[in-house]
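The values are calculated or read from the model by the stated rules, or taken from the named source; none is laboratory data. Everything numeric here is computed off the predicted structure, so don't read it as measured data. FYI the Cβ positions are ideal-geometry reconstructions off the backbone, even for glycines, and counts take in every protein chain you see.
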Amino acid sequence: MKTIPTVFGSITGDELGIVDYHEHLCFDAPAWLLREDRDFALNDVEKSAAELRTWAQAGGKTIIEMSAIDFGRCIEKVRRVAELVPEVNIIVITGFNKPYYCDRWVWDTPEAELVRRCVRDITHGIDGTDTKAGIVKGGSGYNTMNEFDRKLLRIAAKVHQETGVPIITHTEAGTMGWEQVEVLVGEGVAPQCICLSHMDRNPDFYLHRRIAAAGVYLGYDCAGKVKYGPDEVRINVLKRLIDAGLGGQILLGNDLGRPSYWRSYGGGPGLDFVLTKFIPRLRDEGIREEAIQDLLVNNPRRFLVGD
């Protein structure tokens, strides 16, 4: 059975339990980004650990920490969070988020060298530690698929080809999802090894059905963020996908990359929102328990293990 690397060792698919496929636990955002927006200062290990415990108490077992190289990934802080909350499996990533966050060095560095750096994160460990990445990330901007976007996606595809780790992408406001699939599949990536994040920011059933029917996973991670639209809208699309027989292609997460989303920082909806508020609402809305188990357990297990 294939194993999945976590911060402090590998686990099997049966040990994954309930999975949050897209999260940010603790990172050091670039200085220029913090000057523009202080609401990226998610860097307090103790507060992150305290909130992660509430998620574990709600039933969560495995979380994917999606802070990429260009977004201020700090493996030492994530490792400290993992030490404080050992009951949670934390999977970390390599790769890049989107062109907007990338420093000039990313564009000046040959693609092959960036691929080697990411492969080293997976095969040897991140930044001198023995913690290995289990996911590679790539992404694109809002309604763009230019050479910068394509470079980040090609890097993710080549890293996947060398290592076999799955790809989770960033889509800006849920745009360019199908175009990302075209690039990645064109680079030889199997659809079932791809998950597109933030697709519920663009709750277009036709688009989601097309992507899911191709075998690609849809990441829904905006529940509770009313600024991105009410949950009623994403639930309606979710129900239609399940009714169309495509409920096995959806992963759930929170994507709380700002301290204003965390109760431990004085904000909300909080890391346990999906488990304590969104899932009960899905039941109230008539979604079957077996479909909910797919969303929380079975789908992420298949994605991560490669079944």
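Taken over the stretch 103-141, the criterion of being part of a loop (DSSP other than H, G, I, E, B), within 30 Å of R201 (Cα to Cα) and within 18 Å of the chain's Cα centre (by Cα) is satisfied by A133, G134, S140, G141.
Against the condition closer than 19 Å to A214 by Cβ and either touching a helix residue (DSSP H, G or I) at 6+ places or on another chain (Cβ under 7 Å) or free of Cβ contacts under 8 Å to residues at least 40 places away in the same chain (or both), how does I279 come out, does it pass? Answer is no for this residue. Restricting the first member to the stretch 25-37 and to residues that are more than 16 Å from S260 (Cα to Cα) and of a type in the set (K, R), and the second to residues that are surrounded by fewer than 16 Cβ atoms within 10 Å (Cβ to Cβ) and at pLDDT below 95, no beta-carbon pair is closer than 8 Å while six or more apart or on different chains. Specify the residue that is farthest from the chain's Cα centre (by Cα); the eligible residues are those in the stretch 266-299 that are part of a loop (DSSP other than H, G, I, E, B) and more than 23 Å from Y217 (Cα to Cα). Filtering first and then ranking leaves G266. Within the stretch 93-119, the set of residues being among the polar types (S, T, N, Q) and surrounded by 19 or more Cβ atoms within 10 Å (Cβ to Cβ) comprises T94, N97.
Applying the condition of being in contact with a Phe, Trp or Tyr (Cβ under 9 Å, 6 or more places away or on another chain) and among the small types (G, A, S) to the stretch 150-173 and asking which residue is surrounded by the fewest Cβ atoms within 10 Å (Cβ to Cβ) yields A173. Hey, could you check the stretch 20-79 for residues that are aromatic (F, W, Y) and buried (at least 21 other Cβ atoms within 10 Å of the Cβ) and say which is modelled with the lowest pLDDT? Restricting to residues being aromatic (F, W, Y) and buried (at least 21 other Cβ atoms within 10 Å of the Cβ), the top hit is F71. Scanning the stretch 200-216 for residues that are touching a Lys or Arg at 6+ places or on another chain (Cβ under 9 Å) and not charged (D, E, K, R), which turns out surrounded by the most Cβ atoms within 10 Å (Cβ to Cβ)? Filtering the stretch 200-216 for residues that are touching a Lys or Arg at 6+ places or on another chain (Cβ under 9 Å) and not charged (D, E, K, R), the one surrounded by the most Cβ atoms within 10 Å (Cβ to Cβ) comes out as H208. A Cβ distance below 8 Å, combined with a sequence gap of six or more or placement on separate chains, defines the contacts here; from the stretch 294-307, residues that are acidic (D, E) reach residues that are in a helix (DSSP H, G or I) in the pairs D294/G247; D294/G248; D307/G13; D307/R301.
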